[in-house]
């Protein structure tokens with residue numbers, strides 16, 4: 001990933017850009033470019049703590065444009081230090097994870113969520129799979145990445161399943177002519193198992209290096 005810089009509220013902050021290029025389909029929960037479709041880049045931008053803008057998608061699109069990213073892409077944001085991005089690979093699958101646990105929680109909480117735009121997310125997972133996956137398998141891969149994240153957080157000693165605004169982006173190759181995409185990406189499927197191991201190692205490294213609650 002390429003590191004770039006931007007200024008927000010007078011603070012110089014980093015952003016990470018993966019220029020994937022053509023030939024990739026991505027499934028993401030990101031505020032910009034979420035859903036499933038062909039995407040050419042991924043931006044993971046650090047924003048100030050207490051981020052209050054109500055147009056995060058527009059903000060991310062502007063940052064991506066300034067970075068020279070063209071076409072459709074995925075934009076994520078976080079208050080975590082993206083220069084501490086943790087990387088891991090397994091059998092061709094590559095994972096890049098930024099971890100910040102200042103607002104950690106369990107997914108199933110008795111408290112209702114707050115209305116309105118959420119604060120900047122703190123754990124962002126980006127995974128590249130060098131194989132073609134069906135839409136269902138892409139969704140399956142997002143679930144597998146999330147399972148691996150929770151496993152790593154627990155192993156790192158964190159009493160949580162993540163933060164309220166974590167985001168995931170899984171990229172897979174566009175099928176070649178006549179190629180049959182893989183229909184499964186669960187943790188015991190060939191590509192899902194590799195994805196799970198890569199994400200697990202990256203989140204474990206990022207969580208272990210987390211300097212404390214922000």
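Each reported figure results from applying straightforward, stated rules to the coordinates on display, with no laboratory input. Not measured: the values here are computed from a predicted model. Cβ coordinates were reconstructed from backbone atoms using ideal geometry, including for glycine residues, and neighbour counts include every protein chain displayed.
Highest-first packing order for the peptide set 41-49, 80-88 is 41-49, 80-88, based on the mean count of other beta carbon atoms within 10 Å.
Based on the Cα gyration tensor of the chain, what are the three equivalent ellipsoid semi-axes, each the root of five times an eigenvalue, rounded to whole Å and given largest first? Write out the running numbers ahead of the final one.
Working: eigenvalues 128, 92, 46 Å².
The equivalent ellipsoid of the chain has semi-axes of 25, 21, 15 Å.
The stretch 30-51 and the stretch 129-169 have Cα centres spaced 16 Å apart.
Between residue 57 and residue 143, the contour length at 0.36 nm per residue exceeds the alpha carbon distance by 28.6 nm. Extending 7 Å from the Cα toward the beta-carbon at both residue 38 and residue 87 defines two label points whose distance is 2.7 nm.
Kirkwood radius for the stretch 1-128, taken over all pairs of different Cα atoms as the inverse mean of 1/r, rounds to 15.3 Å. A simple spin-label model places the labels of residue 107 and residue 9 3.0 nm from each other, with each point 7 Å out along Cα-to-Cβ. The helix-only estimate of mean residue ellipticity at 222 nm for the chain, built from DSSP H runs of length n ≥ 4 each weighted as -39500 (n - 2.57), is -8000 deg cm²/dmol after division by the residue total. Under the simplified labelling scheme, the residue 160-residue 183 pair shows an inter-label distance of 3.9 nm, with each label point 7 Å from Cα along Cα→Cβ.
Using 0.36 nm per residue and subtracting the Cα-Cα separation, the extra length available between residue 151 and residue 174 on full extension is 5.3 nm.
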